[in-house]
Structures are given as C-alpha cells and as structure tokens.
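Taking it in order: structure first as structure tokens, then the write-up.
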Amino acid sequence: MKSSVLTRYRVMAYVTGVLLILLTLACVAKYAMDVNAAYVWVAILGTAHGWLFVIYLVFAFDMGSKAKMPFIKLLWILLAGTIPTAAFFVERRVTRELEPLVSKAAPEPVGV
C-alpha cells in the first residue's frame, strides 16, 4: 500500500474530527446557551463537515479496501467521523496498524 493512501486518510480524519468538535461546540452554544451568533456557525460548520465527511468516507474506504481490512473494522473507521473525538483515536490506531504495510511497499533508495 502506498503511503499517500494512508496520508490522505489521516489528513481527512483530522479535518473531519476538528470540524465535528467545532460543530458540537456551536450546537451547544446554539441550543443550550441560546447564543445568537451560533446559528450562523452551526450552518457553516454543518455544511463544511457534511461535505468533507463524504470525502473522508471515500478516502477511508479506499484505504480499507487497499489494506484488505475486515468489514467490521472498516465500518468502525467510517463511523468514527460521526462521533466527536473518535476520529483522532481511530486514526492513531489505524496508523499504527498500517505503517508496517506502508514501509514494506516503499522502494529502497538506489545506491550511488
């Protein structure tokens, strides 16, 4: 497996995780604290997280299929983008598991 596949997944996991945390905070401000400005932030962050989550799903599925992961593990990875902070923990675990596969696939440098 190429390292770019894992890198794409990792970037989108972090982006999705950060946006979901910000969206959660905006929703708390909107509904629990009745902050007027939070209505705009919920709309902006909700839309951004929604579109970027679709990209996260594509990259995670691509990584899981290339790593030949079991369906249950792939399903957990796909769902991690919907639970605040879960994407960070799942990304770290997946990276530890897949780094040996990436290092095997990396070509050795040519000696001069």
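The values are calculated or read from the model by the stated rules, or taken from the named source; none is laboratory data. Source: prediction; values computed, not measured. Please note: Cβ atoms are built from the backbone with ideal geometry, for glycine as well, and neighbour counts cover all protein chains shown. For the accessible areas, the whole protein counts, side chains as well, though only heavy atoms, and no ligand, DNA or RNA atoms are used. Shrake-Rupley method; radii C 1.70, N 1.55, O 1.52, S 1.80 Å.
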Q. If the chain between Tyr31 and Ile83 were fully stretched, how many nm would it gain, using 0.36 nm times the residue separation less the Cα-Cα distance?
A. 16.9 nm
Q: State the answer as a single residue: which of Val58, Gly17, Val42 lies farthest towards the positive end of the charge dipole of the chain, with beta carbon charges of +1 for Lys and Arg and -1 for Asp and Glu, about the Cα centre.
A: Val58
Q.
I need the calculated FRET efficiency for the pair Ile44 and Ser103, taking r as the beta carbon distance and R₀ as 35 Å, to the nearest 0.05.
A. 0.30
Q) Extension gain Val11-Arg92, at 0.36 nm per residue separation less the Cα-Cα distance, in nm? A) 28.0 nm
Q | Average accessible area per residue (Å²) across the chain - probe 1.4 Å, nucleic acids and ligands excluded | A | 64 Å²
(Q) Within the chain, how many Lys pairs that are eight or more residues apart, or on different chains, come under 18 Å at the alpha-carbon? (A) 5
Q. Ignoring ligands, DNA and RNA, what percent of the 1.4 Å accessible area of the chain is carbon and sulfur?
A. 72 percent
Q: Using only Cα atoms, tell me the angle between helix 38-66 and the longest principal axis of the chain; keep it within 0 to 90° and round to the nearest 10.
A: 20 degrees
Q: For the range 22-112, run through the trypsin sites (Lys or Arg not before Pro) and keep only the ones in DSSP coil with at most 10 other Cβ atoms within 10 Å of their Cβ.
A: Lys68
Q. For the chain, what number results from the quotient of the Cα radius of gyration and 2.2 N^0.38 Å?
A. 1.30
